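Just so it is clear, none of the values below were taken in a lab; they were calculated from the coordinates. Please read these numbers as outputs of a predicted model, since none were measured by experiment. Note that each Cβ is placed from the backbone with ideal geometry, even for glycine, and that neighbours are counted across all protein chains shown.
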């Protein structure tokens, strides 16, 4: 039976940053937000489980994972040059560690993340953001309903419909 877990969004971001680094592609904070959001949506749609442990919030300018925003806001609209770190505490000593998606432990998730990367890597951050703002998107629906958090069921429903209506951008 495959190993499935829910990840801290920063671990997923670090995976995308590694892939981007291998290909020499810059990723800025907006782009990483959208890639993690798309990966979460496709995981909900394809595997019927969440990818990330954080909630996706409906901010004025799009879906945002607050921990990613806080981690990478120092880069502004520039390229992210350092992986995300999570503060930890071991025997009273503060330290930071870089969360990772474990390829050997979770090949199914890694396969999906690689597919998301292949599908979306050539879009600009603005193009990725525009995709999240389409009519009927989970963000647009949450904004219209005045909800601060985008429900995972809403995200899942949307990405399920995308599998059949937009196969070019499908991670399926």
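Things to note:
- Exposure proxy ranking for 44, 134, based on other Cβ atoms within 10 angstrom of each Cβ and starting from the fewest, stands as 134, 44.
- Shown for 73, 34, 121: other C-beta atoms within 10 Å of each C-beta, ranked fewest to most, produce the order 73, 121, 34.
- Ranked by the mean number of other Cβ atoms within 10 Å per residue, highest first, peptides 107-115, 146-154 order as 107-115, 146-154.
- Each of 66, 74, 10 was scored by other Cβ atoms within 10 Å of its Cβ. Listed from fewest to most, they are 74, 66, 10.
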